[in-house]
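Read-outs throughout are calculated quantities, based only on the coordinates presented, and are distinct from any laboratory measurement. Values in this document were obtained by computation on a predicted structure and should not be read as measured data. Here the Cβ positions follow ideal geometry from the backbone for every residue, glycine too, while neighbour counts run over all protein chains shown.
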Amino acid sequence: MKYTRVGGLKDDESIWIEGEEFSAMLERLGYNHSSSGGDPEDDRMRFASMRWHFHKEDDRWILIISDVDGCEAITGCGRADLLALRVYLAPLVALDVRDELEHINRATAGAFRAWHGHDAQECCHRCHPYEWDALQRRRKEIAAKKKAASKQP
């Protein structure tokens, strides 16, 4: 795909050659092997991994977006288009950040519970009254939704 500020994302001729290794493709097209963003060694399942590769001689760039289903290459030229694409993709990045923060929150909450001698997955009304109150509110909301759904024909 190709990206420009004016035209947005458009299908373009594929830059992949059947059976070509990723590093060979970068070399053939003149892009640096080093990238910014995303960690190819990070094996946690994420929404998407994004890696930017910049051209060796001019201001062209390529963005490789990988997820569980494969990857997509987006090419562009110029810092203005690069910035516009980053703004365009910001909601995807925000989802990844939100997921990471939720993971950290669950881990620290579990550690807190275990430190207090409780099961890491269950909250205690004495040790963590705010979490207990939130859990009770969520349970009431779920019960009310189930009750309302059962009354509908």
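Taking 0.36 nm per residue of sequence separation and removing the Cα-Cα distance, the Lys56/Ala90 pair yields an extension gain of 9.6 nm. Can you work out the FRET efficiency for the pair Asp119 and Lys145, with r the C-beta to C-beta distance and R0 = 22 Å, to the nearest 0.05? The value I calculate is 0.25.
The slack between Leu83 and Leu29, meaning 0.36 nm per residue of separation minus the straight C-alpha distance, is 17.3 nm.
In plain terms, the bigger the Kirkwood radius, the slower the diffusion; for the range 74-153, with that radius from Cα pairs, at 20 °C and 1.002 mPa s, Stokes-Einstein puts D at 129 µm²/s. Rounded to the nearest whole Hz, the Karplus-based 3J(HN,Hα) values (6.51 cos²θ - 1.76 cosθ + 1.60, θ = phi - 60°) of the range 134-140 follow the sequence 5, 4, 5, 4, 4, 4, 5, with x at glycine and proline.
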